[in-house]
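Novice: Dropping the structure in here first, questions after.
The values are calculated or read from the model by the stated rules, or taken from the named source; none is laboratory data. Predicted model only: the values in this text are computed from it and were never measured. Cβ sites come from the backbone with ideal geometry, for glycine too, and all protein chains shown count toward neighbours. The area values use the complete protein model at the heavy-atom level, side chains included, leaving out ligands, DNA and RNA. Shrake-Rupley method; radii C 1.70, N 1.55, O 1.52, S 1.80 Å.
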Amino acid sequence: MTASKKKNGNESTQDSSANSMWGGRFSEGPAEVMERINASIGFDKKLYAQDIAGSKAHCRMLMKQKIISKQDGEQILKGLDTILREIEAGDFVFDAKLEDIHMNVEARLSTLIGAAAGRLHTARSRNDQVATDFRLWVRGALDDLDLAVQGLQAALIDQAAANAETIMPGYTHLQVAQPVTLGHHFLAYVEMLGRDRGRLSDARARLNESPLGAAALAGTAFPIDREMTARELGFDRAMANSLDAVSDRDFALEFLAAGSIIAIHLSRLAEELVLWTNQGFAFVELSDSFTTGSSIMPQKKNPDAAELIRGKSGRVIGALNSLLVTMKGLPLAYGKDMQEDKEPVFDAADTLLVSVTAMQGMIADLKARPDKLLAATTAGFITATDLADWLVRELGLPFRQAHHVTGSLVAEAERAGCDLAELPLSKMQAVEPAIHGGVFSVLSVEKAVASRRSYGGTAPDQVRAQVARARERFL
């Protein structure tokens, strides 16, 4: 006995609504488990506004092309407006037996206006309908995310302006390398996020074509006007190939790919905040609004928002991987596998938005500790590169020789237990006799930072110039 006939030993009853949308092809309703695996209304109800907007555009086009009567079209439009109000008021009852948002709206429309509701689906399919709805939704998500990332850029630029002269160690391999300013460091993330916004913009431009009117896969024999519906929905044009229109999910993959890179950038910044708030660094303080305490250790102030952002990057990357795997073996055109496209995209969009917003709050509230940042530059012979450059500039040594001399002087300072600036001139001259007292002019971190005036460098005047340019480019 099949699952559709028996459940827990009892005969199943035929629910006429279970296959009422399918016409006469099926004589029996689906198995209970089939209903559960097939239904998407639990998540695709999020597309209600886009679905109704697409249906209204389609209806107006059908009226203009005289495919349906003006009377029927006006009834449909009025009914769709009623449904939109019901959903937004929380009065609409979604039914899993009707599978998805499209069928739920159509069934309610039929209840409201009767037989005229059946004319709305003329010259379209759920395949082009869902492709249109989903593109509209992702387009909105791209716009929302771009605005949020811009807000984070603004917070970083403000911090860069406030810390244009705040000296800190710059690192490579997480080892002290050269002195930089905290403002310069923050501006690096502004540039990363600028590229992220460029990717969002590129994805939006490629996305902005309308699948509506492609029908199931082959187009339609009705004299529709696809450019009209495209314009009405804010698309640049109609998609050129009906097979591609219903089967493409590149736009969702691009959203997730761009989002994954954003998530990685957020995670890198979050990791630095976790390090910088550790007592071993103590470079910055986060406000109480973005930290938590411990249930057992009353002294703790944990950077939980940063840690959560770092962790949530995995969810976004996982969403991308999930959809890539779903799409990788699908022949043209539509396959029900593609119903699995929405949940990862919806989750990633929510995750990205909350992560960016939380990061903006943390950065805006962050308090730098200039004393700790400066003190950390005393380790690691941080002005060694400046010494090597001085040997090239003032003594005319080839850089490789200057590099070797500087390495020897670092070893000498290490043996003496002092910094390069504290090494006696006589000790330096024992390594390279041509060195003179002018060398001490480049061995302070303040002078080292101030000397880095090349475009994009860390000198305070350069940082201020970069801040001004960043405000122009991004805000």
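Novice: Picking from ALA263, ALA238, ALA258, ALA282, which residue would you name as being over 28 Å from ARG139 (Cβ atoms), small (Gly, Ala, Ser) and open to solvent by less than 20 Å² (accessible area, probe 1.4 Å)?
Specialist: Details: ALA263 fails: over 28 Å from ARG139 (Cβ atoms); ALA238 fails: over 28 Å from ARG139 (Cβ atoms); ALA258 fails: over 28 Å from ARG139 (Cβ atoms).
Answer to the check: ALA282.
Novice: Right, something else. Considering each residue of segment 186-210, count those that are surrounded by 21 or more Cβ atoms within 10 Å (Cβ to Cβ), in contact with a strand residue (DSSP E or B) (Cβ under 8 Å, 6 or more places away or on another chain) and not polar (S, T, N, Q), and give that number.
Specialist: 0
Novice: Shifting gears a bit: So, in segment 87-103, of the ones that are loosely packed, with under 15 Cβ neighbours inside 10 Å and assigned to a helix (DSSP H, G or I), which residue ends up modelled with the lowest pLDDT?
Specialist: It comes out as ALA96.
Novice: While we're on this one: Evaluate the following for ARG135: is it at pLDDT 95 or above, open to solvent by less than 10 Å² (accessible area, probe 1.4 Å), among the basic types (Lys, Arg) and not assigned by the TED database to the domain that holds GLN75?
Specialist: Criteria met by ARG135.
Novice: So, one more: Scan segment 383-392 and give yes if some residue there is over 26 Å from the mean Cα position of the chain (by Cα) and not in a helix (DSSP H, G or I), otherwise no.
Specialist: Scanning segment 383-392, I find at least one residue that is over 26 Å from the mean Cα position of the chain (by Cα) and not in a helix (DSSP H, G or I), so the answer is yes.
Novice: Ok, one more. Name the single residue that is most open to solvent (accessible area, probe 1.4 Å) among those in segment 57-86 being under 37 Å from the mean Cα position of the chain (by Cα) and touching a residue at least 60 places away in the same chain (Cβ under 8 Å).
Specialist: The qualifying residue most open to solvent (accessible area, probe 1.4 Å) is ARG60.
Novice: Answer yes if at least one residue in segment 299-315 is open to solvent by less than 50 Å² (accessible area, probe 1.4 Å) and closer than 28 Å to ASN241 by Cα, and no otherwise.
Specialist: Among the residues of segment 299-315, not one is open to solvent by less than 50 Å² (accessible area, probe 1.4 Å) and closer than 28 Å to ASN241 by Cα, which makes the answer no.
Novice: Condition test on GLU106, is it crowded, with 18+ Cβ neighbours inside 10 Å and under 14 Å from GLY54 (Cβ atoms)?
Specialist: Answer is yes for this residue.
Novice: Where in segment 206-315 are there helices (runs of 4 or more DSSP H), lying fully within it, with 1 or more residues that are among the basic types (Lys, Arg), within 22 Å of the chain's Cα centre (by Cα) and in the same structural domain as ALA141 (by the TED database)? First the steps, then the outcome.
Specialist: Numbers: elements: 226-232, 242-247, 250-277.
Counting at least 1 such residues, we get 250-277.
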